[in-house]
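See below for the structure under consideration.
Since every read-out is calculated from the coordinates, none of them should be taken as a lab result. These figures come from a predicted structure and were not determined experimentally. Glycine gets a Cβ as well: all are built from the backbone with ideal geometry, and neighbour counts include every protein chain shown.
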Amino acid sequence: MESSCSTFNDIDNEHPKSIIHIDIDCFYAQVEMVRSPELCTVPLGIQQKNIVVTSNYEARNYGIQKCMLVTEALKLCPNLKLVNGEDLHDYRAASNKIFAILQSWKCPVEKLGMDENFIDVTNLVQERLKSTDVNNITLSGHLYEEPSMECCGCHNRLKIASQIASEVRKKVFDELGFTICAGIAHNKLLAKLICPLHKPNDQTTIFPQHAVNFMATLQSVRSIPTIGSKTTETLISQKVLSVSDLQQVSVEVLKKHFSSDMAVRLKKLSIGEDNTPVKQTGKPQSIGLEDSFKTVSVKSEVEEKFEALLQRLLVLVREDGRIPVSLRVTLRKKDAKRLSSHRESRQCQISPSLFTIASGTLTVTASGQQKLMTIIMRLFNKLIDLNKPFHLTLVGLAFTKFQERMTGRSSIVNYLMNDISVQSVLNLQNDGDTSVSSMDYSAASPSSSTTTDLSDAEVEPSPKKPKKVNWIAKRRCLSKEDIASPSKLKVGELRLNSKELEKVSELRLNSRDRSLTPRASPAKECLSDASDTMNDVAEGGNCDDCPSYVDKEVFNALPDEMQQELKTMWKNPSSSGMPVQRSSPRTNKAKPNTILKYFVPHK
Ligand code: DCP
Ligand code: MG
Ligand code: MG
């Protein structure tokens, strides 16, 4: 994304950054309240299994807290309205919509879980400062303690950031109806920690000078986001319980229990110092789900759990839109001897041909799902010795690697990424046949570092390269649906790369005569159907001016502007880098990365 916030990195002062942290109020409960406004006025709890994972602020008035047992919550508030929140789909969708709104300020946005985000508004603040009277900047929302003297200019910058935070909160509310809290500070740590100070639906700014005092108010070292349970345990063993304790303990003492870097980092965190950048969030590296339970000790039950997880996971993957190429199975075994629970995982690569992208939507066929279940159970068998009793308390499934789309210099996608649609003449829709449908072999192969600990036999076989005639015949075997209504596809979704397109051209050139006389080949029915479709599609096109080596079907599938561009170039080949004649190699040299090279017949 082109960011207006990526240019100012040269602010020469002590506290150059302006960071906003936002956290949605009682997130799951708000999603339910936005969906069913009658829930706004009653105490509402969101139930997952026997736990109330969150509740609205009405319910919190009764003393209900996050992760309270349902029985306990009902004792506190017998009128508590409970809504099942085990299906995260709508929460995830709301989270994504909020994230999309946050992107509109064109600053780096980092998603943290489902209901939190950091926005680095440093450069936007700088831009606004240029047109602002610095003596008259007002703060929006609350301030943590009154300001002392201006520091390095950070007070004004943070005040402007607080105004941006207000705008963000207003926009999210106006467009989606969610109230959120914001924290504004010169680093991520302070922005996050100050955020909940005035809950709900409000915001708080902290100036750098108050960082040490504010941090000292935190009762537990665990409040510091990067400090996990193990670090906390170690610190407690050294009688370091509160953040104030951590401020006072010497770095030398910490170095006895932590690495030198960690000891220094802990000390800095304790006084509110943090220089970690806001990293723009992209698509997740893996998409997974877990289900925990008391005990499962029977294979068929495990299979049912995986089946249910797989169904839910496929919904997530469809929403994500990328084709998975690696699958991981996770188990947690009940182990009385071990104090802390531990997970064990196995993963293997999977064939991208189990998935199809049709009209922009990722799907998996019933047979694909069966194959996935077979793979899952093989991985499970690797993790569990079925000759012995087993007791599991958790199963998990995750797709851990995804096929990259080819968008390099030589990809046709480069030309066609701007939402240009083509008719489905070039539809490389997967028909479930692994031998022909997976086009992008190289990108589909997971690297050794992330993949399998299984033997080759257990890994889904890589798609084999197709036989040419068979391949083109199948490509032309468009479904009845395609014929009735040629689907519009984003070309980027065809997963074509230059080699593939060359293959299309080559095969079409080689089989052009055959395709025009379909009954000459065993695939004649398909070819016949496809020809009909292509005639329909070609109606608007006119390739009378095309050179003889050009496949008219391919040409007619291109958008009008591109057809015009090509025709112009063919009329004036010397200016285009276009091969004028096959027998003239010197003039055959296409300009790098021009679409014309895709029309060069295969030699
Ligand atoms: N959540 C969960 N399990 C937890 C904590 C939270 O499933 N142990 C879910 C429910 C929350 C959501 O994550 O709605 C966001 O967590 P928060 O801690 O931000 O809590 P809320 O947004 O619900 O409340 P608050 O208004 O305090 O932010
Ligand atoms: Mg929240
Ligand atoms: Mg939160």
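At 10 °C and a viscosity of 1.306 mPa s, what translational diffusion coefficient does Stokes-Einstein give for segment 276-366, taking Rh as the Kirkwood radius over Cα pairs? Give it in µm²/s as a whole number.
On the way: Rh = 15.7 Å.
Translational diffusion coefficient: 101 µm²/s.
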- Distance between modelled label sites at Asn96 and Asn13, nm, 7 Å Cα→Cβ extension: 4.0
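Over segment 4-207, what is the relative contact order in percent, taking alpha-carbon pairs closer than 8 angstrom and at least six residues apart?
Working: 381 pairs, mean separation 58.1, N = 204.
Answer for segment 4-207 is 28 percent.
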- Query: Distance in nm between label sites at Phe293 and Ser104, each 7 Å beyond Cα in the beta-carbon direction?
  - Reply: 4.4
- Task: Starting from the Cα of Glu252, step 7 Å along the direction of its Cβ; do the same at His198; then give the gap between the two resulting points in nm.
- Result: 4.5
- Note on the structure: Note on segment 4-207, DSSP bridge orientation, antiparallel percent to nearest 5 equals 70
- Size of electric dipole in segment 66-175: Cβ of Lys, Arg +1 and of Asp, Glu -1, about Cα centre, debye, nearest 20: 180
- Task: Amide H neighbours of Gly153 under 5 Å, at least 5 residues apart or on other chains, H built in the peptide plane: list them.
- Result: none
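Can you give me the relative contact order of segment 227-358 as a percent, contacts being Cα pairs under 8 Å and 6 or more apart?
On the way: 74 pairs, mean separation 17.7, N = 132.
Over segment 227-358, the number comes to 13 percent.
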- Task: List the relative contact order of segment 218-270 as a percent without decimals, with contacts defined as Cα pairs under 8 Å and 6+ residues apart.
- Result: 34
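So between Asp385 and Asn136, what do we pick up on full extension, going 0.36 nm a residue minus the alpha carbon distance?
Values: separation 249, 0.36 × 249 = 89.64 nm, distance 7.15 nm.
Working it through step by step, the gained length comes to 82.5 nm.
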- Set the Förster radius R0 to 41 Å, insert the Cβ-Cβ distance between Thr568 and Leu129 as r into 1/(1 + (r/R0)^6), and round the FRET efficiency to 0.05. 0.25
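For segment 4-207, what value does the Rg/Rh ratio take when both radii are computed over Cα atoms and Rh is the Kirkwood radius, given to two decimals? Show your work: numbers first, answer last.
Working: Rg = 18.7 Å, Rh = 18.0 Å.
Taking Rg over the Kirkwood Rh, I get 1.04.
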- Efficiency of FRET from Cβ geometry, Glu175 and Val315, R₀ 22 Å, rounded to 0.05: 0.35
- Query: Could you give the length gained on full extension between Lys268 and Lys49, defined as 0.36 nm per residue of separation minus the Cα-Cα distance, in nm?
  - Reply: 74.9 nm
